[in-house]
Amino acid sequence: MTTSSVATEAAAVAAPVFSPKDFKSSLKPIWCPGCGDFGVLQGIYRALAAIGRPSHEIAFISGIGCSSRIPGYTTAYGFNSVHGRALPIAQGLKLANPDLLVLVAGGDGDGFSIGGGHVAHAIRRNQDLTYLVMDNQIYGLTKGQLSPTSRKGLHTVTSAYGSLENPVNPLMYVMGYGAAFVAQGTPADIPGLAAMIEEAIRFPGFAFVNIQSPCVTYGEPDQQIKVHKKVMKRLEDLGHDSSDRVQAFDRAQSYGSELLTGVFFRDPDPPPTYGSLIRARKQELMASAPRREDILDMFVQD
Ligand SMILES: Cc1ncc(C[n+]2csc(CCOP(=O)(O)OP(=O)(O)O)c2C)c(N)n1
Ligand code: SF4
């Protein structure tokens, strides 16, 4: 074989190389100009290009909300499903086709109000999914009502005298249920966000990324991209040890008062995924299952 034919053969088997624009669909986003979700979408394109799997091997499931429009803006298979129900749908899909790369997305309302009960079960099953929550601390699509992560005292159309409720802390919420990968990002730092989405996708199990994605129309002035750029602190610059669950819990308490970005917790010894447990159980049962002929024999009359 000549040197040039070896080179040609190597090129023929080389993995396809993708660029972020390969994951951009022809649908034009209809978000308000300046919405944080534009930056999140850029982060997703970059992460998918780095992962290098073709669009037809990716399924992107979302609930309902401005943020839940995101699958349609990618070339992956997408399902803009039912409010709060993206996680159960994604889990079923992953079980049915374990080879698919399954991404799940939605807003803080979708994930921690109406869909809040599903988060615990997705985590305890540890299915290999990447869950991206665009946390804008408000209901965007329905025009600015209180969301589970809205700060106490916030005046909205549903809290004219100021909210009396304490916000949910999404980081503590998922860590409380034992999530093995927990990160937080902002579209104020798209390269950092892309890197953490890529890491979440590569993580073998349920991976959660809380993305503080500002709502320019109904969100608070101090929760906008310009402010994020000034106040965000990268965990890596604080000497954070992401393999230390206790340290992660400690830092996660800052949600609402500080904007910490990066990976809070990455289990150094990830638990088995639900899919792998199901496949192992199936094999075990099949090995001890009675033979078909023996079952049929039971019905044969002498
Ligand atoms: C079962 C059901 N209840 C309520 C609604 C109305 N609804 C649509 S989106 C939404 C909340 C949107 O907020 P969030 O999930 O935070 O997403 P955002 O629009 O802020 O991105 C609600 C209450 C619905 N579509 N379906
Ligand atoms: S209402 Fe808010 S979350 Fe929805 S598209 Fe507009 S800026 Fe984005």
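Since every read-out is calculated from the coordinates, none of them should be taken as a lab result. Everything quoted here is computed from the prediction, not taken from an experiment. Using ideal geometry, Cβ is built from the backbone for each residue, glycine included, and neighbour counts are taken over all protein chains shown.
A few points about this structure:
- Candidates Glu284, Glu236, Glu198: whichever shows maximal mean-square fluctuation once the chain is modelled as a Gaussian network with Cα springs under 10 Å: Glu284
- GNM flexibility winner over the chain from His155, His228, His83 (Cα, springs under 10 Å): His155
- For the chain, the longest principal axis of the Cα atoms and the long axis of helix 274-288 meet at an angle of about 20 degrees.
- Nearest-0.05 FRET efficiency for Tyr77 and Arg292, computed from C-beta distance (R0 41 Å): 0.65
- For the chain, the relative contact order works out to 16 percent when only alpha carbon pairs closer than 8 Å and six or more residues apart are counted.
- A Gaussian network model of the chain, with springs between Cα atoms under 10 Å, assigns the largest mean-square fluctuation among Ser81, Ser288, Ser67 to Ser288.
- Debye log10 I(q)/I(0) at q = 0.11, 0.15 Å⁻¹ for the chain, Cα point scatterers: -0.67, -1.14
- Folded to 0 to 90 degrees: helix 37-51 orientation relative to the chain principal axis, Cα: 30
- Helix 116-125 and the longest principal axis of the Cα set of the chain meet at an angle near 40°.
- In terms of the mean number of neighbouring beta-carbon atoms within 10 Å, the peptides 122-129, 251-258, 102-109 order highest first as 102-109, 122-129, 251-258.
- Evaluated with a Cβ-only charge set (Lys, Arg +1; Asp, Glu -1), the chain carries a dipole of roughly 740 debye about its Cα centre, given to the nearest 20.
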